[in-house]
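The values are calculated or read from the model by the stated rules, or taken from the named source; none is laboratory data. Computed from a predicted structure; not experimentally measured. Cβ coordinates were reconstructed from backbone atoms using ideal geometry, including for glycine residues, and neighbour counts include every protein chain displayed. Quick note on the areas: whole protein, heavy atoms, side chains included, nothing else; ligands and nucleic acids left out. Shrake-Rupley method; radii C 1.70, N 1.55, O 1.52, S 1.80 Å.
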Amino acid sequence: MTPEELWSGVESNFSQDDGSLPCVDIQNLTTTEIGEIYLLIRGHSRVVSVDPCFWDIRSSSDRHIDEVSNAASLVTSQRAEPFYFAVEGVSFENVEIPCIGIQVFQDSLTFDYKMGSEWGPKQAFAFFSFLKALLSQTQHGTLVPGADGPPNPQSFVQLWNQFVGVGGQQV
């Protein structure tokens with residue numbers, strides 16, 4: 001599948017900024033997988049959230065995500081509440097993906113994005129490639145539209161399934 005072929009099916013989920021932040025979830029993750037994916041993302045991006053923090057249950061206080069080596073592992077071990085942060089600089093095959101937000105939960109990760117003119121065929125293809133690469137690090141991970149999913153979830157799911165191909169991580 002080429003970037004243009006993908007774009008022709010998913011453009012409605014990316015191109016028109018309607019003020020929403022559509023999201024997709026990677027579900028069915030183990031605690032180890034969440035920690036590893038978090039570190040992978042952090043190693044290939046820069047945090048752009050202002051003062052990204054998590055609630056540390058043990059100390060009953062907010063802590064900056066960089067105060068610990070792996071804040072996601074604290075969530076999965078129930079020592080921290082789920083938290084959110086936004087990143088830039090994620091790229092795939094030299095194409096930078098527009099800013100994405102990430103929420104860390106005990107058994108899943110949610111990715112959101114702002115629709116608009118910064119998305120095009122190459123960026124959507126890079127985003128799908130990025131998600132596919134993350135899923136390749138899991139045993140049973142699946143990608144599903146989030147509660148506030150893409151505007152046209154059927155086209156997103158259909159193209160995702162074609163993108164990952166037979167035997168891939170399908171919805």
> Could you say whether any residue in region 96-105 is of a type in the set (S, T, N, Q), in a strand (DSSP E or B) and surrounded by 15 or more Cβ atoms within 10 Å (Cβ to Cβ)?
Replying inline: yes
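In this structure, is Tyr38 aromatic (Phe, Trp, Tyr), part of a strand (DSSP E or B) and at negative phi?
Details: aromatic (Phe, Trp, Tyr): yes; part of a strand (DSSP E or B): no; at negative phi: yes.
Here the answer is no, as Tyr38 does not meet what is asked.
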> Restricting the search to region 80-95, which residues are part of a loop (DSSP other than H, G, I, E, B), modelled with pLDDT under 95 and either more than 21 Å from Phe128 (Cα to Cα) or open to solvent by 60 Å² or more (accessible area, probe 1.4 Å) (or both)?
Replying inline: Glu93, Asn94
> Hey, among the residues in region 143-162 that are open to solvent by less than 30 Å² (accessible area, probe 1.4 Å) and either among the polar types (S, T, N, Q) or closer than 15 Å to Met1 by Cα (or both), which one's modelled with the lowest pLDDT?
Replying inline: Ser155
> Which residues, counting only those in region 25-35, are in contact with a helix residue (DSSP H, G or I) (Cβ under 7 Å, 6 or more places away or on another chain) and over 13 Å from Leu74 (Cα atoms)?
Replying inline: Ile26
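One line per residue, one yes/no per condition, for (1) hydrophobic (A, V, I, L, M, F, W, C); (2) open to solvent by 10 Å² or more (accessible area, probe 1.4 Å):
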position	(1), (2)
Ser8	no, yes
Asn13	no, no
Gly19	no, yes
Val24	yes, no
Glu36	no, yes
Leu40	yes, yes
Val48	yes, yes
Cys53	yes, yes
